[in-house]
Amino acid sequence: MITCQAPIYFRQFLNDETACASYLFGCKTVGEFAVVDAHADLVDDYVAAADSQGSKIVAVIETHIQADHVSGLPGLAERTGATAYLPEGSGAEFAHRPLADGQLVELGNTVVEAIATPGHAPAHHSYLVTDHRRGEEPWFVLTGDSLLVGDVGRPDLHAASEESVEELARTLYRSLHERLLALPDHLLVYPAHYAGSVCGRGLSGHPASTIGFERRHNDALDAGSEDAFVEAVLKDIPPAPEQQAEIAAANRSGEPSAAIA
Ligand SMILES: [Fe+2]
C-alpha cells in the first residue's frame, strides 16, 4: 500500500436521456483517476470533478464497445492524455491498451482488475475494484451490460456471423454464473444502465445493488438451467436502439462525432 492517507474518490454519473451510468474514481494520494464507460455528453463533467479533487484522469476504460450511445472515451483521452483501455478482442480501431482477463490497472491505492464477462458483447469485461487503503478484498464491481440491477444485458446487439445471438446468450449465462455470482454477496454492483435503457427489460430505477441482492431477487439469474436462461433472455427482446449499427461503428472507430449524424 502507498502511504499517505487520502481517501478513494468515487462518483457515479447518470445520464437520464440514455439511462447510462458511468464512473469516475481513483486514488487521491497519487491524484490518479479512471473513468469507466464514459458518456460523450459528460466529458466536461468528469474533467471538472477530477480537477476539483486536484487529480488527473489517467485511464479511460470501457466494459465493451457501446452500441446504444456515443462513448466519451475518445474525447476524454484526447483532452486529458489518459490511456484508453478496452477488453482484448474488442475490435477498437484506435490506439488503446487491450486488457486480458485478470489484468490490472493501478491507480495508487485503487486497483482495477479486469474480469472477462462476455455475452452481451463478444468482448466484454467487468471491473473489480479494490481500495487497498481500506482492505485487501474487492469493494465493488462495475458490471457494464453483463449483470444489471433487476436484469441482465441483452445478447443480440453485438451478434455477428461468428457468434449467433443464442451463442452469446449461452456465453452470458456462463459469465454470470461462473464469474459474477462467484463473487461475495456483500460486493457492491454498479452497472452501465438503469431503468429507461433499451439494453434490458426489467431494469430497476436504482442504479446500484449488491451481488447478494441480485442473487436473491434478479429473475434473470433464477432460470434454473442454461437452456431456460437462453429461452427467457431471447423472449420479447425490445427493439434495438436507434442508429445502433452506426453508433457501434463510430465507437469502434474512435471518431464518434464524425460518424454520427
Ligand atoms: Fe452495451
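The residue pairs whose first member lies in the range 155-177 and is in contact (Cβ under 8 Å) with a residue 60 or more places away in the chain, whose second member is within 14 Å of the ligand (Cβ to nearest atom) and of a type in the set (Asp, Glu), and whose beta carbons are closer than 9 Å, counting only pairs six or more residues apart or on different chains, are 157/68; 157/145; 165/156; 169/156. All of 234, 203, 187, 221 fail the test of being in contact with a Pro (Cβ under 9 Å, 6 or more places away or on another chain) and modelled with pLDDT of 95 or more, apart from 187. None of 216, 252 is under 21 Å from the mean Cα position of the chain (by Cα) and of a type in the set (Lys, Arg) except 252. Only one of 123, 116 is within 13 Å of the ligand (Cβ to nearest atom) and farther than 17 Å from residue 209 by Cα. Can you tell me which? Selected residue: 123, the only one of 123, 116 that is within 13 Å of the ligand (Cβ to nearest atom) and farther than 17 Å from residue 209 by Cα.
Does the range 83-90 contain any residue that is more than 16 Å from the ligand (Cβ to nearest atom), among the hydroxyl-bearing types (Ser, Thr, Tyr) and closer than 19 Å to residue 146 by Cα? Checked the range 83-90: at least one residue is more than 16 Å from the ligand (Cβ to nearest atom), among the hydroxyl-bearing types (Ser, Thr, Tyr) and closer than 19 Å to residue 146 by Cα. Evaluated against (1) of a type in the set (A, V, I, L, M); (2) surrounded by fewer than 20 Cβ atoms within 10 Å (Cβ to Cβ); (3) within 15 Å of the ligand (Cβ to nearest atom), residue 148 falls short on exactly one condition, (2). Can you tell me which residue is farthest from the ligand (Cβ to nearest atom) among those in the range 167-206 that are within 17 Å of residue 221 (Cα to Cα) and among the charged types (D, E, K, R)? Step by step, filter the range 167-206, then rank; the result is 185. Only one entry of 231, 246, 167, 162 meets the criterion of being part of a loop (DSSP other than H, G, I, E, B) and farther than 30 Å from residue 136 by Cβ, and that entry is 162.
The values are calculated or read from the model by the stated rules, or taken from the named source; none is laboratory data. It should be emphasised that the depicted structure is a prediction, and the values quoted were computed from it without experimental measurement. Note: ideal-geometry Cβ built from the backbone for every residue, glycine included; neighbour counts use all protein chains shown.
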